[in-house]
1. More than 16 Å from the ligand (Cβ to nearest atom) and at pLDDT below 95: is that true of Asp93 in this structure?
2. Conditions: (1) touching a strand residue (DSSP E or B) at 6+ places or on another chain (Cβ under 7 Å); (2) more than 12 Å from the ligand (Cβ to nearest atom). Ser83 meets all but one. Number of the miss?
3. For residues in segment 47-61 being in a loop (DSSP other than H, G, I, E, B) and within 11 Å of the ligand (Cβ to nearest atom), which is surrounded by the most Cβ atoms within 10 Å (Cβ to Cβ)?
4. Any chance you could count how many residues in segment 121-141 are without any contact (Cβ under 8 Å) to a residue 12 or more places away in the chain and of a type in the set (Gly, Ala, Ser)?
5. For segment 7-31, name all the residues that are aliphatic (A, V, I, L, M), closer than 18 Å to Ile261 by Cβ and either part of a loop (DSSP other than H, G, I, E, B) or within 14 Å of the ligand (Cβ to nearest atom) (or both).
6. Condition check: away from the ligand (no atom under 15 Å from the Cβ) and of a type in the set (A, V, I, L, M). Does Ala149 satisfy that?
7. Taking the stated definitions as given, is Ala44 in a loop (DSSP other than H, G, I, E, B) and more than 10 Å from the ligand (Cβ to nearest atom)?
8. Tell me yes or no: at least one residue of segment 260-276 is away from the ligand (no atom under 16 Å from the Cβ), surrounded by 15 or more Cβ atoms within 10 Å (Cβ to Cβ) and free of Cβ contacts under 8 Å to residues at least 24 places away in the same chain.
Amino acid sequence: MEHTIQDRYAPIGVFDSGVGGLTVAREIMRQIPNEHIVYFGDTARVPYGSKSKETVTKYSEQIVRFLQTQHVKAIVVACNTASACALDTIEKDVDIPIIGVVKPGAKAAVSATHNGKIGVIGTSATIDSHIYSDYIKELNSSAKVLGKACPLFVPLVEEGLWEDPVTDEIATRYLSELIDVGIDTLILGCTHYPLIRKAIARIVGDGVALVNPAYETALELRELLGEHNLLNDRKPELGENRYQFFVSDAAEKFKTFANSIIKYGILTAKTIQIEEY
Ligand code: DGL
């Protein structure tokens, strides 16, 4: 697709099943601060991690159609589950750059590992898809990848138990088999996990490098926009609001959570009827 100069000032569409993708939006805000963002969190239909590929794909397609009404110049599938289940389908539907969080996370893990033993934690849908393992093996066929679904981490994060003995206890149970096989790299393959990074680091110890796909995705997005001549070169003006937030339910609750992890002050979150798209 040919891009006009104006396109570079258009926003980036970022979506997730709910609040977790804000960890990805936050990295984009940090790494490419000139960019405008339209964020959609599917708070009415979260969680995606326990749903089928078909359902997650249908939801993701609706969200992409909504984001296109906002004239976004690129789309970031911030949700690991949607990246695992739906990206292959939705990238066929759009003619703008689109990236998920899985490939950048897999790439970073392959660069980080020394012993070739990589652990991946995520939702059941992400782990069952084996997508991280497939990408890693494409890059390093001798790598050993061990996946572990950690479904209780999402509610623990959303309850605010980031630094709590309960979280440490659950993390110990989930992560011990990964520690036992001697992984030296662990992919935080779910949007929520960077928020309990400290607890995870405590359990796995210093010898294990933690890979945050949110950070890697922001860097890859910057590169991708550059390749397409779509990087916004206009510095934000003082007080300018570059970020818009949309949800499918419970906007106030979303706002409270969002303001606890993003320091830019989320003024409004608008509720839309996502099924209509
Ligand atoms: N955002 C999801 C992910 O990264 C976690 C929450 C959910 O299950 O929807 O996989």
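The values are calculated or read from the model by the stated rules, or taken from the named source; none is laboratory data. Since this is a predicted model, take the numbers as computed values, not measurements. Here the Cβ positions follow ideal geometry from the backbone for every residue, glycine too, while neighbour counts run over all protein chains shown.
1. Considered against the rule, which asks whether it is more than 16 Å from the ligand (Cβ to nearest atom) and at pLDDT below 95, Asp93 comes out as yes.
2. Among (1) touching a strand residue (DSSP E or B) at 6+ places or on another chain (Cβ under 7 Å); (2) more than 12 Å from the ligand (Cβ to nearest atom), Ser83 violates only (2).
3. The first filter runs over segment 47-61 and keeps only residues in a loop (DSSP other than H, G, I, E, B), leaving 47-52.
Of the ones still in play, those that are also within 11 Å of the ligand (Cβ to nearest atom) are 47-51.
Working: Pro47: 19, Tyr48: 26, Gly49: 29, Ser50: 13, Lys51: 20.
Step by step, filter segment 47-61, then rank; the result is Gly49.
4. 1
5. Residues of segment 7-31 aliphatic (A, V, I, L, M): 10, 12, 14, 19, 22, 24-25, 28-29.
Then keep just the ones that are closer than 18 Å to Ile261 by Cβ; that gives 14, 19, 22, 24-25, 28-29.
If the condition is that a residue be aliphatic (A, V, I, L, M), closer than 18 Å to Ile261 by Cβ and either part of a loop (DSSP other than H, G, I, E, B) or within 14 Å of the ligand (Cβ to nearest atom) (or both), then Val14, Val19, Leu22, Val24, Ala25 are the ones that fit.
6. Values: away from the ligand (no atom under 15 Å from the Cβ): no; of a type in the set (A, V, I, L, M): yes.
Spelling it out, it is not the case that Ala149 is away from the ligand (no atom under 15 Å from the Cβ) and of a type in the set (A, V, I, L, M).
7. On the way: in a loop (DSSP other than H, G, I, E, B): yes; more than 10 Å from the ligand (Cβ to nearest atom): yes.
The answer is yes for Ala44.
8. Within segment 260-276 (the criterion being away from the ligand (no atom under 16 Å from the Cβ), surrounded by 15 or more Cβ atoms within 10 Å (Cβ to Cβ) and free of Cβ contacts under 8 Å to residues at least 24 places away in the same chain), the answer is yes, since at least one residue qualifies.
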